[in-house]
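**Q** Once you've had a glance at the structure underneath, I'll fire off some questions.
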Amino acid sequence: MNQPELAELPVIDIASTIRYEDSYTQFKTVLESIGGKVELISDLTVLKEQLISDRLNGKFVVNTIETLGDVDEKAAFLSAFELEKVEKGYVKGTVGVAENGAVWIYESQMINRLVPFICQHLILVIEKKNIVDNLHQAYEKIDVSKEGFGVFIAGPSKTADIEQSLVIGAHGARSATIYVIA
């Protein structure tokens, strides 16, 4: 067999990795530069009211956050065909990364792994204290072997064609709003 020799993984001195004076401000700046929105809130009241309003107005929303109210457990068993009309998906994130504006979400936080990708408008919620400077720090806070699936999401879906025209929301969530709880 023609296999290269095994090489040890590099040792990274995390203390020497990128740092920011204000992780939240950097997170917000980067995320907004890639098409996302960030709102700092003191508690979940505004989101609870928004969720109630969405449901009263007949919007098909999927809530996966227990502290917002009724969790849509039935979404775990819905197919892509059934979920394609989801207007908003509410999902709690584990950690935010200031250097790239990404939020880590475990599969259990999504209820159905399609929700963050198939909804029209993605609503993510993280706590300000869980925003770290860089991916090295993020990987220290998450356990990638905890569940079968997890993902970093940074903003709404984007694509750029051969002519380098950026299109936001082309093949996934048209918008992504990250609510950061102070």
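**Q** What nm value, rounded to one decimal, do you get for the distance between Val151 and Glu84 when each label is placed 7 Å out toward the C-beta?
**A** Once both label points are built, they end up 1.8 nm from each other.
**Q** Once the whole set of protein chains is in place, how much accessible area is left on Ser145, using a 1.4 Å probe, in Å² to the nearest 10?
**A** The accessible area of Ser145 comes to roughly 90 Å².
**Q** Right, here's the next one. Tell me, what is the percent relative contact order of the chain, built from C-alpha pairs under 8 Å that lie six or more residues apart?
**A** 27
**Q** How far is helix 23-33 tilted off the main Cα axis of the chain, in degrees rounded to 10, range 0 to 90?
**A** Approximately 70 degrees, to the nearest 10.
**Q** What's the angle, to the nearest 10 degrees (0 to 90), between helix 45-56's Cα axis and the longest principal axis of the chain?
**A** 50
**Q** Determine how large the accessible area of Asp22 is when every protein chain is in place; take a 1.4 Å probe and give Å² rounded to the nearest 10.
**A** 70
**Q** What residues qualify as long-range amide H neighbours of Glu127, i.e. H under 5 Å apart, gap of 5 or more or another chain, H built at 1.01 Å from N?
**A** Ile181
**Q** With a 1.4 Å probe and all protein chains kept in place, how do Lys74, Lys128 rank by accessible area, largest first?
**A** Lys74, Lys128
**Q** Using θ = phi - 60° and the Karplus curve 6.51 cos²θ - 1.76 cosθ + 1.60, what whole-Hz ³J(HN,Hα) does each residue of the range 6-22 get, with Gly and Pro shown as x?
**A** 5, 10, 5, 5, x, 8, 10, 7, 4, 5, 9, 7, 4, 9, 10, 5, 9
**Q** On the protein heavy atoms, probe 1.4 angstrom, tell me the percent of accessible surface of the chain carried by carbon and sulfur.
**A** Answer for the chain: carbon and sulfur cover 53 percent of the accessible area.
**Q** Short version: ³J(HN,Hα) in whole Hz for each residue of the range 96-111, in order, from phi by Karplus 6.51 cos²θ - 1.76 cosθ + 1.60 (θ = phi - 60°), x for Gly and Pro, what are they?
**A** So the Karplus estimates, Gly and Pro as x, are x, 10, 5, 5, 9, x, 8, 10, 8, 10, 7, 4, 5, 6, 8, 6 Hz.
**Q** How would Lys85, Lys59 line up by accessible area, probe 1.4 Å, largest first?
**A** Reading off the accessible areas and sorting them downward yields Lys85, Lys59.
**Q** Within the chain, what's the longest run with no GluC sites (Glu not before Pro) in a DSSP loop and at most 15 other beta-carbon atoms within 10 Å? Give the range, please.
**A** Of all site-free stretches, the longest is 22-83.
**Q** Can you give the calculated 222 nm mean residue ellipticity of the chain, where each DSSP H run of n ≥ 4 adds -39,500 (n - 2.57) and the sum is split over every residue, rounded to the nearest 500 deg cm²/dmol?
**A** Computed ellipticity for the chain at 222 nm equals -6000 deg cm²/dmol.
**Q** Return a single number: how many Lys pairs in the chain, at a sequence separation of 8 or more or on separate chains, have alpha-carbon atoms below 18 angstrom apart.
**A** Lysine pairs meeting both conditions in the chain amount to 25.
**Q** Could you sort Lys92, Lys141 by their accessible area in this structure, using a 1.4 Å probe and putting the largest first?
**A** Output order, biggest surface exposure first: Lys141, Lys92.
The values are calculated or read from the model by the stated rules, or taken from the named source; none is laboratory data. A quick note: this is a predicted structure, and the numbers were derived from the prediction, not measured. Cβ sites come from the backbone with ideal geometry, for glycine too, and all protein chains shown count toward neighbours. Heavy atoms of the whole protein, side chains included, go into the accessibility calculation; ligands, DNA and RNA do not. Shrake-Rupley method; radii C 1.70, N 1.55, O 1.52, S 1.80 Å.
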